[in-house]
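S.K.: Quick one: the structure is below, and I'll ask about it shortly.
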Amino acid sequence: MAPWGYEKDNGPAHWHKDCPIANGKNQSPIDLINGEVKYDSGLKPLTAKYVPFSDAKFLNNGHSVQFQPSAGNGSELTGGPLAVKYNFEQFHFHWGNNDTEGSEHRVDGKMYPAELHFVHWNSTNPSFKDAVGSGGPNGLAVLGFFLKVGAENAALKPITDLIPKVKDAGTSVTVPSNFDMQAILPATLTDYYTYDGSLTTPPLAECVKWIVFKQPLEVSAAQMEAFRSVINRDGKPMGGNYRPPCPLHDRAVKTSFK
Ligand SMILES: NS(=O)(=O)c1c(F)cccc1F
Ligand SMILES: [Zn+2]
């Protein structure tokens, strides 16, 4: 099989051949159906403490554009449904070729134009890779933010301004050290959905505590167009790099809000 992607010949319907867990019972993303979620008053806000990175790259890996520090720097996530501290690993995006599609998670069947994932790994493991393979839903904690078109996002502008420099697959650029990742996040990380799931790309490991925020972030139309100019490994627009929703099976989706 050609390396996995999102085209007809290598897209989500093919992934099960190399990753049989694709048909597992804890797969992501899912459709977050408000009539089926359950409020949990024990779910407190998340706390993200992000320290500016002196050496980080922004890269086009052929299926997303990704902010990737060269090493950890004490940036961490705690609180919410998490029992321990999680180390920041990377953030990346999924988006569509028009404003009616692009997000991985959906809310009552509605897709947003894009979704931003902040990936963290359980600090009781020696590395990100070990956390992915650690078994069970506590290896990674991924924060999901929906993006909708509106005002320009000043916190994301240093990143979206770099997109033209990573238009082609396999290219990367150094991110200025004064980039303030913390500024991307809302001041309080309160209203979210949380459930046990998987990576949404191969290897699709069922190792993720998903935390998807109810309130979308805004980006400008120009910032959305920047994403839509990115090219994938086959020389086609990368837009459409989202997996469709997977069956919930007997999982519960909890909310921190009523
Ligand atoms: N999309 S996702 O956030 O599940 C994800 C990860 F967490 C880790 C690696 C790749 C990837 F795509
Ligand atoms: Zn993702």
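The values are calculated or read from the model by the stated rules, or taken from the named source; none is laboratory data. Everything numeric here is computed off the predicted structure, so don't read it as measured data. Here the Cβ positions follow ideal geometry from the backbone for every residue, glycine too, while neighbour counts run over all protein chains shown. With ligands, DNA and RNA removed, areas are computed over all heavy atoms of the protein, side chains included. Shrake-Rupley method; radii C 1.70, N 1.55, O 1.52, S 1.80 Å.
S.K.: What's the FRET efficiency of LYS44 with ASP161 using the Cβ-Cβ distance as r and R₀ = 30 Å, to the nearest 0.05? Working shown, then result.
M.R.: Numbers: r = 35 Å, r/R0 = 1.17.
Efficiency computed from Cβ-Cβ geometry: 0.30.
S.K.: Ok, one more. So for the stretch 26-255, averaging the separation of alpha carbon pairs under 8 Å that are six or more residues apart and normalising by length, what relative contact order in percent results? Please list the in-between numbers first.
M.R.: Numbers: 584 pairs, mean separation 67.1, N = 230.
Reported as a whole number, the value is 29 percent.
S.K.: Can you spot the aspartates and glutamates whose alpha carbon is less than 12 Å from LYS148's alpha carbon? Ignore those fewer than 8 places along the same chain.
M.R.: ASP99, GLU101, GLU115, GLU218
S.K.: State whether the chain is rounded, prolate or oblate according to the following rule on the C-alpha gyration tensor (a ≥ b ≥ c being the square roots of its eigenvalues): a/c under 1.5 gives rounded; otherwise a/b larger than b/c gives prolate, and the remaining case gives oblate.
M.R.: Values: a/c = 1.27, a/b = 1.11, b/c = 1.15.
In terms of gyration-tensor shape, rounded.
S.K.: Which pairs in the list LYS49/LYS236; LYS17/LYS38; LYS57/LYS129; LYS57/LYS110; LYS8/LYS85 are over 29 Å apart, alpha-carbon to alpha-carbon?
M.R.: Check vs 29 Å cut-off fails for LYS49/LYS236; LYS17/LYS38; LYS57/LYS110; LYS8/LYS85.
S.K.: Work out from phi, with θ = phi - 60° and the Karplus expression 6.51 cos²θ - 1.76 cosθ + 1.60, the ³J(HN,Hα) of each residue of the stretch 104-117, listed in order in whole Hz, and give x for Gly and Pro.
M.R.: Coupling constants for the stretch 104-117: 8, 6, 10, 10, 6, x, 7, 9, 9, x, 6, 9, 10, 10 Hz.
S.K.: At a 1.4 Å probe, what is the % contribution of carbon and sulfur to the accessible area of the chain?
M.R.: Values: 5820 of 11060 Å².
Ligands and nucleic acids excluded, carbon and sulfur reach 53 percent.
S.K.: For the stretch 96-247, what does the alpha-carbon gyration tensor say about shape, rounded, prolate or oblate, given a ≥ b ≥ c as the root eigenvalues, a/c under 1.5 as rounded, and a/b over b/c as prolate?
M.R.: It comes out rounded by the Cα gyration axes.
S.K.: Rounded to whole Hz and in sequence order, give me ³J(HN,Hα) for the stretch 247-256 from the Karplus expression 6.51 cos²θ - 1.76 cosθ + 1.60, θ = phi - 60°, writing x for Gly and Pro.
M.R.: x, 6, 6, 9, 9, 9, 9, 9, 10, 8
S.K.: Can you give me the long-range amide H partners of LEU32? Hydrogens built in the peptide plane at 1.01 Å from N, cutoff under 5 Å, separation of 5 or more residues or another chain.
M.R.: Here the answer is ARG106, VAL107, ASP108, GLY109, since their amide H atoms fall under 5 Å of that of LEU32.
S.K.: Turning to a different aspect of this structure: For the pair GLN215 and ASN178, what calculated FRET efficiency results from E = 1/(1 + (r/R0)^6), where r is the Cβ-Cβ distance and R0 = 25 Å, to the nearest 0.05?
M.R.: Working: r = 27 Å, r/R0 = 1.07.
So the FRET efficiency works out to roughly 0.40.
S.K.: How large is ³J(HN,Hα), in whole Hz, for each residue of the stretch 162-175 in order, when computed from phi with the Karplus curve 6.51 cos²θ - 1.76 cosθ + 1.60 and θ = phi - 60°, using x for Gly and Pro?
M.R.: 7, 4, x, 7, 10, 4, 9, 4, x, 9, 8, 9, 6, 8
S.K.: Considering amide H positions built from the backbone, and no H for Pro or chain starts, which residues 5 or more places from TYR192, or on another chain, come under 5 Å of its amide H?
M.R.: Hits under the 5 Å cutoff: LYS214, SER256, PHE257.
S.K.: Under a point spin-label approximation (7 Å from Cα along Cα-to-Cβ), what is the SER127-HIS16 distance to one decimal in nm?
M.R.: Here the modelled spin labels are 3.2 nm apart.
S.K.: Further question on the same structure: What accessible surface, in Å², does a 1.4 Å probe find on ARG233, ignoring ligands, DNA and RNA and rounding to the nearest 10?
M.R.: Approximately 110 Å² for this residue.
S.K.: Does the stretch 109-160 classify as rounded, prolate or oblate by the C-alpha gyration tensor (a ≥ b ≥ c root eigenvalues; a/c under 1.5 gives rounded; else a/b over b/c gives prolate, otherwise oblate)? If you can, show how the numbers build up before the last one.
M.R.: Working: a/c = 4.48, a/b = 2.03, b/c = 2.21.
It comes out oblate by the Cα gyration axes.
S.K.: Grab the DSSP H runs of the chain that are 4 residues or longer, score each as -39,500 (n - 2.57), total them, divide by all residues and round the 222 nm result to the nearest 500 deg cm²/dmol. Can you show the working numbers first?
M.R.: Values: 3 runs with 17 residues, N = 258.
After summing the helix terms and dividing by the residues of the chain, the value is -1500 deg cm²/dmol.
S.K.: Considering only protein heavy atoms, what per residue accessible area in square angstrom results for the stretch 8-150 with a 1.4 angstrom probe? Write out the running numbers ahead of the final one.
M.R.: Values: 6000 Å² over 143 residues.
With the other protein chains kept in place, the stretch 8-150 gives 42 Å² per residue.
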